[in-house]
Amino acid sequence: MKFELNKSTVMNLLKAPSIIVLFLWMIVPLSMTLYFSVIRYNLLSPMDNGFEGLGNYEFFMTDAAFMPAILNSLILVVSIIVVTIISGIILAVLIDRTFPGRGIVRVMLISPFFIMPTVNALLWKNMFMNPVYGMFAFFSNTFGLEPIDWMSDYPLVSIIIMLSWQWTPFALLIFMTALQSQDQEQKEAAELDGAGFFAKFYYLTLPHLSRSIAIVIMIEMIFHLSIFAEILITTGGGPGNDGTNLTYMIFTNALLNFDVGIASAGGVFAIILANIVAYFLIKQVGKSLMA
């Protein structure tokens with residue numbers, strides 16, 4: 001017996017294995033997280049377990065660190081996005097012209113983005129922000145000022161600075177690419193009409209970058225909701241809860257308190273929060289791209 005398959009069926013059969021693997025890759029961890037979030041399970045006493053219902057969620061959301069973690073997460077995300085977008089636009093506009101060594105400058109400006117988060121955190125912690133032998137302490141002593149202990153006095157600002165430094169090249173790369181497609185005839189016409197640099201930037205360059213800005217916001221928002229390595233290596237979530245975000249709070253419950261149930265409840269909360277944010281972001285980005 002001879003079976004004939006049309007082109008559509010063959011394509012679906014070829015795609016099926018990868019789709020199934022990806023589905024299992026997502027659904028198995030999610031199912032386990034949902035399961036552990038409703039049971040009492042601590043690694044220090046694994047035999048003392050049972051159905052907990054919404055008790056883990058209640059415990060997680062009434063924790064003293066919960067509201068500071070949510071607030072710190074929002075401050076980190078918004079601050080880093082604002083700094084990287086402004087810095088990226090300024091740098092992209094500055095290097096969007098021909099000058100000697102332009103290629104080298106571009107490579108140097110983009111290179112911080114390829115540094116691993118752990119290395120980035122150690123670099124800033126030890127080389128720049130150390131209150132004894134860091135570069136900031138050296139300049140403070142040079143001018144007769146008291147060195148600042150950045151990790152203790154300004155934990156969130158420290159994390160914002162190091163992450164902004166690492167992610168500005170990403171925004172710069174997106175904006176630099178977008179400026180390559182800007183209509184130069186419009187800029188020349190504006191110059192003939194007597195428009196200055198700021199007028200051309202506000203009425204021509206900024207509207208042209210609107211789609212790129214929307215994409216940068218969406219991608220950075222998704223990544224910065226899960227900031228972890230920099231906090232673990234630098235502030236350790238402290239002092240107190242001043243340097244704790246939602247991701248680090250989940251880590252504290254999972255690997256420091258060994259409470260899998262409460263950590264899983266926090267993970268589910270984080271998934272819901274991330275999906276809500278992603279929904280509105282994708283909706284806004286879609287409008288921007290269709291405009």
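General remarks:
- Residue within region 274-289 that is open to solvent by 70 Å² or more (accessible area, probe 1.4 Å) and not in a helix (DSSP H, G or I) present: no
- Residue in region 250-268 that is over 30 Å from Gln186 (Cβ atoms), hydroxyl-bearing (Ser, Thr, Tyr) and part of a helix (DSSP H, G or I) present: yes
- Within region 227-249, restricting attention to residues that are hydroxyl-bearing (Ser, Thr, Tyr) and assigned to a helix (DSSP H, G or I), the residue that is nearest to Val77 (Cα to Cα) is Thr247.
- Screening region 210-242 for residues that are crowded, with 19+ Cβ neighbours inside 10 Å and acidic (Asp, Glu) and picking the one that is farthest from Ile174 (Cα to Cα) gives Glu230.
- Breaking point among (1) open to solvent by 60 Å² or more (accessible area, probe 1.4 Å); (2) at pLDDT below 90, for Gly53: (1)
- Scanning region 163-177 for residues that are among the aliphatic types (A, V, I, L, M) and crowded, with 23+ Cβ neighbours inside 10 Å turns up Leu163, Ala171, Leu172.
- Counting only helices (runs of 4 or more DSSP H) that sit wholly inside region 181-226, those with at least 1 residues that are touching a residue at least 12 places away in the same chain (Cβ under 8 Å) and β-branched (Val, Ile, Thr) are 210-224.
- The single condition among (1) surrounded by fewer than 13 Cβ atoms within 10 Å (Cβ to Cβ); (2) touching a residue at least 60 places away in the same chain (Cβ under 8 Å); (3) not aromatic (Phe, Trp, Tyr) that Ile75 does not satisfy is (1).
- Tally of residues being without any contact (Cβ under 8 Å) to a residue 12 or more places away in the chain and either of a type in the set (Phe, Trp, Tyr) or loosely packed, with under 14 Cβ neighbours inside 10 Å (or both) across region 117-149: 14
- The residue list Ala65, Ala16 contains one member that is in contact with a helix residue (DSSP H, G or I) (Cβ under 6 Å, 6 or more places away or on another chain) and open to solvent by less than 80 Å² (accessible area, probe 1.4 Å), which is Ala65.
- The single condition among (1) in a helix (DSSP H, G or I); (2) at pLDDT 90 or above; (3) farther than 21 Å from Val78 by Cβ that Ile174 does not meet is (3).
- Inclusion of Ile104 among residues that are of a type in the set (A, V, I, L, M) and touching a residue at least 60 places away in the same chain (Cβ under 8 Å) is not warranted.
The values are calculated or read from the model by the stated rules, or taken from the named source; none is laboratory data. Owing to the predicted nature of the structure, the values given are computational and were not obtained by experimental measurement. Neighbour counts run over all protein chains shown; Cβ positions are idealised from the backbone, glycine included. Areas reflect the complete protein model, heavy atoms only, side chains present, ligands, DNA and RNA absent. Shrake-Rupley method; radii C 1.70, N 1.55, O 1.52, S 1.80 Å.
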